[in-house]
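A.B. asks: This is the structure I want to talk about, given as structure tokens.
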Amino acid sequence: MTSHWILGPGAIGRLLAHSLSSLAGVTLIGRRTLPEQQTITPPEGEPRIKHLNVITTSQLLANAPAPPAFVHITTKAMAAEAALESVADVISSTTPLVLWQNGFLAQPRLTELWPGPVLCATTTEGAYLTGDDGVVHAGRGHTFAGDLNNRHGELAQVVVATLTQAGLAATAVDDIRSRLWQKLAVNAAINPLVALHGVRNGELHDAAYAGRVEAVVEEVAAIMLAEGIQAPNGGSGLDAWLALVWDVIEKTANNKASMLQDVETKRLTERGAILGPLIESAERHGVGCEVLRGLDGELAELEAGF
Ligand SMILES: NC(=O)C1=CN([C@@H]2O[C@H](COP(=O)(O)OP(=O)(O)OC[C@H]3O[C@@H](n4cnc5c(N)ncnc54)[C@H](OP(=O)(O)O)[C@@H]3O)[C@@H](O)[C@H]2O)C=CC1
Ligand SMILES: CC(C)(CO)C(=O)C(=O)O
């Protein structure tokens with residue numbers, strides 16, 4: 001049985017662990033002890049309890065199981081590097097990593113740092129935690145996987161075949177960088193505003209916020225052009241980016257976005273992984289980013305109070 005280690009036993013980590021556990025050896029690794037009896041509530045069914053092999057990093061270091069074929073990193077973006085460091089001594093440096101983070105922070109850093117293959121996954125699966133022993137698979141989505149330098153296409157095929165067999169629809173792609181930046185554009189337009197104003201995604205249609213959404217997208221579209229990222233859905237320019245963002249807002253109208261959930265529970269947001277690369281790119285290309293900088297500053301101020 002192929003062995004998968006999943007580093008970060010949060011919403012995505014547990015969803016992955018539950019899904020893979022019937023067809024692969026799964027070890028779910030966290031910083032603190034969690035129950036081995038774990039419940040998953042699927043989108044269309046009753047909760048199911050499973051016994052998962054959940055261990056802490058200290059237990060792993062004290063008594064490492066057989067080396068894994070894959071290490072999935074499912075922490076938030078800013079924790080990915082530290083999480084990898086915490087297990088780096090007990091895995092071979094040629095072990096393939098699969099990064100599940102939003103944004104574009106962990107992916108380029110770990111691709112540069114890690115000697116082995118680094119695949120990036122971008123997913124529209126939706127999941128949230130219900131305490132230490134439960135995860136709700138809130139909505140089925142699709143996962144795209146590939147590596148930033150297009151050197152590991154065959155490995156991406158292996159990973160997506162495993163995910164698909166596990167019930168998580170997935171496709172291997174050769175344009176993962178563009179896909180990560182497109183997701184980043186959507187996250188930048190929605191997440192900071194809903195987090196700062198404590199509203200559900202659909203409320204961004206209200207007159208109080210719609211102009212601010214458009215102001216963010218205007219800056220983002222100019223940055224994407226400068227960064228050479230293809231406009232979405234075969235379109236071009238600002239209109240294509242606006243159409244994408246409003247479409248996601250429409251489809252996720254009832255969602256409490258991840259950044260709002262972080263703010264409500266006083267956890268650091270992924271602003272550094274979402275707004276950070278956009279602001280850095282704007283500065284590099286001499287493109288305006290006052291609106292993005294303003295949102296980043298407001299979020300930083302909010303986080304300082306946590
Ligand atoms: N949830 C979703 O629906 C989606 C999430 N994503 C992306 O996936 C990533 C993960 O998100 P999500 O699962 O929601 O986040 P969660 O906050 O639910 O999970 C993160 C997990 O990482 C753990 N962790 C933090 N540091 C370490 C470490 N050093 N070693 C081991 N574990 C660690 C945390 O543990 P602790 O409890 O100790 O803090 C927590 O269990 C994010 O980048 C997110 O943007 C993408 C699409 C959808
Ligand atoms: C697309 C969006 C904004 C949906 O809620 C999301 O990915 C998130 O919550 O982080």
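We did not get these values from a lab; they are worked out from the coordinates using the rules stated. The structure presented is a predicted model; accordingly, all values stated were derived computationally and were not measured. So basically every Cβ, Gly included, is an ideal-geometry build from the backbone, and we count neighbours across all protein chains shown.
A.B. asks: Would you work out the charge dipole size for the chain about its Cα centre, treating the Cβ of every Lys and Arg as +1 and the Cβ of every Asp and Glu as -1, and quote it to the nearest 20 debye? Walk me through the numbers on the way to the answer.
C.D. replies: Values: 21 positive and 33 negative charges, 154 e Å.
About 740 debye.
A.B. asks: Here's something else I'd like to know. Can you order the peptides 158-167, 271-280 by their average number of other Cβ atoms within 10 Å per residue, highest first?
C.D. replies: In descending order of packing, they fall as 271-280, 158-167.
A.B. asks: Continuing with this model, one more query. Could you tell me the number of lysine pairs in the chain with C-alpha atoms less than 27 Å from each other, where the two lysines are 8 or more residues apart or belong to different chains?
C.D. replies: The result is 10.
A.B. asks: Does anyone have the angle between helix 290-304 and the longest principal axis of the chain? Alpha-carbon axes, 0 to 90°, nearest 10?
C.D. replies: 50 degrees
A.B. asks: Rank Ile73, Leu52, Leu97 by how far each Cα sits towards the positive end of the charge dipole of the chain (+1 on Lys, Arg Cβ; -1 on Asp, Glu Cβ) and give me just the farthest.
C.D. replies: Looking along the dipole axis, the top candidate is Leu52.
A.B. asks: Ok, one more. Between Val287, Val98, Val217, where does the largest GNM mean-square fluctuation fall for the chain, given springs only between Cα atoms within less than 10 Å?
C.D. replies: It is Val287.
A.B. asks: With everything on Cα atoms, drop me the angle between helix 153-165 and the longest principal axis of the chain, reported from 0 to 90° to the nearest 10.
C.D. replies: 80 degrees
A.B. asks: According to the Cα gyration tensor, what semi-axes, each the square root of 5 times an eigenvalue, does the equivalent ellipsoid of region 177-304 have, listed from largest to smallest in whole Å?
C.D. replies: Working: eigenvalues 93, 61, 30 Å².
For region 177-304, the ellipsoid semi-axes come out as 22, 17, 12 Å.
A.B. asks: Hey, can you rank 54-62, 144-152, 219-227 by average C-beta count inside 10 Å, highest first?
C.D. replies: Answer by packing, highest mean first, reads 219-227, 144-152, 54-62.
A.B. asks: So, one more: What relative contact order, as a whole-number percentage, does region 177-304 give when Cα pairs under 8 Å and 6 or more residues apart are counted?
C.D. replies: Over region 177-304, the number comes to 34 percent.
A.B. asks: Still on this structure, please answer the following. When the convex hull of the C-alpha atoms of the chain is computed, what volume per residue in Å³ does it have?
C.D. replies: 130 Å³
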